[in-house]
Amino acid sequence: MSHGFPGNGAFDRRLRANTTLNGAIALAEFAGGLFSGSLTLLLDAGHNLSDVAAVVLAPWARRFSQRPPTTRSRLRDPTGRASRPFSGS
Ligand SMILES: [Zn+2]
């Protein structure tokens, strides 16, 4: 899961390890919940699955946050005009 940013290799490895472990825990909890009839285990499996989704989205969010600003991304006031945050108006 390399995204071409220097120094992100260790971070990507940790994200992959986190995804793998959380996914394995979710599967184990799901199987245990079905086997034992425990709604708690089934619900926590769902919780862990949502954690996996969040971690899978993290590299995309990081890449998006590192994009250079565009003219469209400047702060705007409710009327749609470009704001001047340090002008005192
Ligand atoms: Zn969680």
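Numbers below:
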| item | result |
| --- | --- |
| Mean Cα-pair separation over length for region 10-67, i.e. relative contact order, pairs under 8 Å, 6 or more apart, % | 37 |
| Counted charge near I25, where neighbours are those whose Cβ lies closer than 11 Å (Asp, Glu -1; Lys, Arg +1) | -3 |
| Length added when fully stretched, A58-S36, from 0.36 nm per residue minus Cα-Cα | 4.6 nm |
| Separation of the S65 and R14 label points, Cα + 7 Å toward Cβ, nm | 1.3 |
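Rule-based calculations on the coordinates, nothing more; no lab input. Small disclaimer: the values here were computed from a predicted structure and weren't measured. Cβ atoms come from the backbone with ideal geometry, glycine included; neighbour counts cover every protein chain shown.
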